[in-house]
Amino acid sequence: MVASVVSLASSFIAVASPSYSSSFVLTKLRSSPSLRLSFTVSSPFSSRGRGGSHMAHTIARATLGLTQISPAFEAPELTFASKEIDVTEWKGDLLAVGVTEKDLAKDQNSKFENPILKKLDSHLGGVLAEVSTEEDFTGKSGQSTVVRLPGVGSKRVGLFGLGQTATSTAAFKGLGEAAAVAAKSAQASDIAIVLASSEGLSAKACTASAIASGAALGIYEDNRYKSESKKPALKSVDILGLGTGPELEKKLKYAQDVASGIIFGKELVNSPANVLTPGKLAEEASNIASLYSDVLSAKILNEEQCKDLKMGSYLAVAAASENPPHFIHLTYKPPGGPAKLKLALVGKGLTFDSGGYNIKTGPGCSIELMKFDMGGSAAVLGAAKAIGQIKPSGVEVHFIVAACENMISGTGMRPGDIVTASNGKTIEVNNTDAEGRLTLADALVYACNQGVDKIVDLATLTGACIVALGPSIAGVFTPSDDLAKEVFAASEISGEKFWRMPMEESYWESMKSGVADMVNTGGRQGGAISAALFLKQFVDEKVQWMHIDMAGPVWSDKKRTATGFAVSTLVEWVLKNSS
């Protein structure tokens, strides 16, 4: 038996500091030429016991509205185990069976032909066959039916549809999540998950890992800001029929490490802007480095240090807010030897985006959701948390976030201002609501200066990308075919959806300025492409670079919560670059 324990705990400490404002944008006239198995998954806003400094001087107005983590909030603790036992012998609260449409085929006597379903149904007196017929359960993806069976080993048995076939990571994650949700509804404390058909699977350990990941994410609810919160009853998840041994043990631990990063990213995005200020985001990043100090280190640059690095583009965005900017740089260095490759993950870190003087107004502007404008940074820091636990060899990773707010005040950036980025390029600001790319400009220059070989940046950058690809697919922009292949291969394993978009150079015409090197927005058409072309101006030509516009999949309108998008793919990509 292989077992792993997951615990999630949150707490909150907030300290106020003096207000801040700055109008310094580093623009000047040009002179004439001359980033059993047990472990703990810590949620955000937990500073106690980490050994890091509290950085009390960095947080302004973090207690606005007197909002803190609810003392009633308790995160779940799960134990995962892999077992090879007969499904009829398992005893517990819920036995969840993943079935494809083909698995539900019946003979002329209305009995299941699938061996596992046939044996289980016989043990239960034919109840499953009857229920599947009466409820028109066909095994389609998303379908489920749960039957209560008092007096037998399993108090409940559920059938969970996987669609026509089940070969993808997304399908198995979905099974784990659906089983956890059913367990939550039934107040089950222990469940088992089994596939009706597993013989044809080429990578059973990976399948078990995906199921475990889905269950860990499915049981979790972010109730930190609710006055009342009920802790889920689920304590243990058994995965049946997919083997045991060292490889599976490693995969189960990996699933939990990644899930902890995803949950960390979700909670960062879910946290309101009056709690998650740029300073608080920097503190949480520092806490990650403290927690995994054997492989991670943190450098947080303040405003003066950013001025010294001539980050005028980034500082211009931050100038209107009373919450000061914090430039976050975590560095992962592998244990046991030097790195052969250096990677950078750069995330957009706008903890709130009002739009600035081009304020977000009118239906569909989603200003009330602009706490998620730091979704790129959440993905990057979530990946950092997972990487800190997994500790891949042979690769150095830089996690970089230019954190700030885009607000309105007399010291703020105005439409028509010209700002100067740290590579010397000048930008005419024709729209203050195209601020994310201004912060990323200096972050990308900084990343290149770390001597990295490859950069992936992630940002909730454009509404145009949502119009093009919808709410569940991220747009990928890169001039490098090799880098595109790497990231898409990683996404195949993670189950997340990406689509490569064109880098149409002719669209750069719309980004030209009469008085500066460029403007920060082009025409309405092709807005996601012109945004990517803008970012390209701040990347060294020798560095392989990719921009991911995740404005759509960062948030679930249906669930009204963050998704933790991209964390899993980023971790897979880093591992693919590891020796």
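Of all residues in region 204-228, those that are modelled with pLDDT under 95 have Cβ atoms under 7 Å from Cβ atoms of residues that are in a loop (DSSP other than H, G, I, E, B) and of a type in the set (Phe, Trp, Tyr), 6 or more apart or on another chain, in ASN223/PHE73; ARG224/PHE73. The set of residues in region 473-499 being within 18 Å of the chain's Cα centre (by Cα) and part of a loop (DSSP other than H, G, I, E, B) consists of ILE473, GLY495, GLU496, LYS497. Contact annotation: residue pairs with Cβ atoms under 9 Å, 6 or more positions apart or on different chains, pairing a residue in region 404-425 that is under 24 Å from GLY375 (Cβ atoms) and open to solvent by 70 Å² or more (accessible area, probe 1.4 Å) with a partner that is in a loop (DSSP other than H, G, I, E, B) and of a type in the set (Val, Ile, Thr), are ILE408/ILE359; ILE408/THR432.
Given the residues LEU281, LEU248, which is the only one that is open to solvent by less than 10 Å² (accessible area, probe 1.4 Å) and under 17 Å from the mean Cα position of the chain (by Cα)?
Testing whether each residue is open to solvent by less than 10 Å² (accessible area, probe 1.4 Å) and under 17 Å from the mean Cα position of the chain (by Cα) leaves just LEU281.
Six or more apart or on different chains, Cβ atoms under 7 Å: show the pairs whose first residue is in region 77-96 and assigned to a loop (DSSP other than H, G, I, E, B) and whose second is of a type in the set (Val, Ile, Thr) and open to solvent by 10 Å² or more (accessible area, probe 1.4 Å). Close Cβ pairs satisfying both conditions: GLU84/THR244. Within the option set VAL445, VAL395, being over 20 Å from the mean Cα position of the chain (by Cα), open to solvent by 10 Å² or more (accessible area, probe 1.4 Å), over 28 Å from ASN274 (Cα atoms) and not acidic (Asp, Glu) holds for one residue only, VAL445. Criterion applied to GLY265, GLY176, GLY218 was being closer than 20 Å to LYS391 by Cβ, touching a helix residue (DSSP H, G or I) at 6+ places or on another chain (Cβ under 8 Å) and assigned to a helix (DSSP H, G or I), and the one residue passing it is GLY265. When region 312-344 is filtered for residues that are charged (D, E, K, R) and more than 23 Å from the chain's Cα centre (by Cα), the ones remaining, listed by number, are GLU322, LYS340.
Taking LEU535, is it of a type in the set (A, V, I, L, M) and either open to solvent by 10 Å² or more (accessible area, probe 1.4 Å) or in a loop (DSSP other than H, G, I, E, B) (or both)? The answer is no for LEU535. When every residue of region 453-472 is checked against the conditions, at least one turns out to be in a helix (DSSP H, G or I), within 26 Å of ALA170 (Cβ to Cβ) and open to solvent by less than 10 Å² (accessible area, probe 1.4 Å). Among the residues of region 131-172 satisfying the criterion of being closer than 13 Å to LEU104 by Cβ and of a type in the set (D, E, K, R), which is nearest to the chain's Cα centre (by Cα)? Out of the qualifying residues, it is LYS140.
Annotation note: of THR361, THR331, the sole residue that is of a type outside the set (D, E, K, R) and assigned to a strand (DSSP E or B) is THR331.
The number of residues in region 106-123 being in a loop (DSSP other than H, G, I, E, B) and either open to solvent by 40 Å² or more (accessible area, probe 1.4 Å) or touching a strand residue (DSSP E or B) at 6+ places or on another chain (Cβ under 7 Å) (or both) comes to 6.
Could you say which residue among SER377, SER393 is touching a Gly at 6+ places or on another chain (Cβ under 7 Å), under 20 Å from CYS306 (Cα atoms) and among the polar types (S, T, N, Q)?
SER377
Among the criteria (1) surrounded by fewer than 19 Cβ atoms within 10 Å (Cβ to Cβ); (2) closer than 26 Å to THR432 by Cα; (3) of a type in the set (Gly, Ala, Ser), the one GLY355 does not fulfil is (1).
From the list LYS173, LYS204, exactly one residue is in contact with a Ser or Thr (Cβ under 6 Å, 6 or more places away or on another chain) and open to solvent by 10 Å² or more (accessible area, probe 1.4 Å). Which is it? None of the other options fit; the residue is LYS173.
Residues being buried (at least 19 other Cβ atoms within 10 Å of the Cβ), out of contact with any Phe, Trp or Tyr (no Cβ under 8 Å at 6 or more places or on another chain) and in a strand (DSSP E or B) are entirely absent from region 367-379.
So, SER185, is that one surrounded by fewer than 24 Cβ atoms within 10 Å (Cβ to Cβ), in a loop (DSSP other than H, G, I, E, B), out of contact with any Pro (no Cβ under 8 Å at 6 or more places or on another chain) and among the hydroxyl-bearing types (Ser, Thr, Tyr) or not?
Spelling it out, it is not the case that SER185 is surrounded by fewer than 24 Cβ atoms within 10 Å (Cβ to Cβ), in a loop (DSSP other than H, G, I, E, B), out of contact with any Pro (no Cβ under 8 Å at 6 or more places or on another chain) and among the hydroxyl-bearing types (Ser, Thr, Tyr).
The set of residues in region 473-487 that are of a type in the set (S, T, N, Q) and open to solvent by 10 Å² or more (accessible area, probe 1.4 Å) contains only SER480.
Within region 429-441, the presence of at least one residue that is touching an Asp or Glu at 6+ places or on another chain (Cβ under 9 Å) and assigned to a helix (DSSP H, G or I) is confirmed.
The values are calculated or read from the model by the stated rules, or taken from the named source; none is laboratory data. Please read all numbers here as calculations on a predicted model, not as lab measurements. A quick note on method: Cβ atoms are made from the backbone with ideal geometry, for glycine too, and the neighbour counts reach across all protein chains shown. Side chains are part of the model used for accessible areas, which takes the heavy atoms of the whole protein and leaves out ligands, DNA and RNA. Shrake-Rupley method; radii C 1.70, N 1.55, O 1.52, S 1.80 Å.
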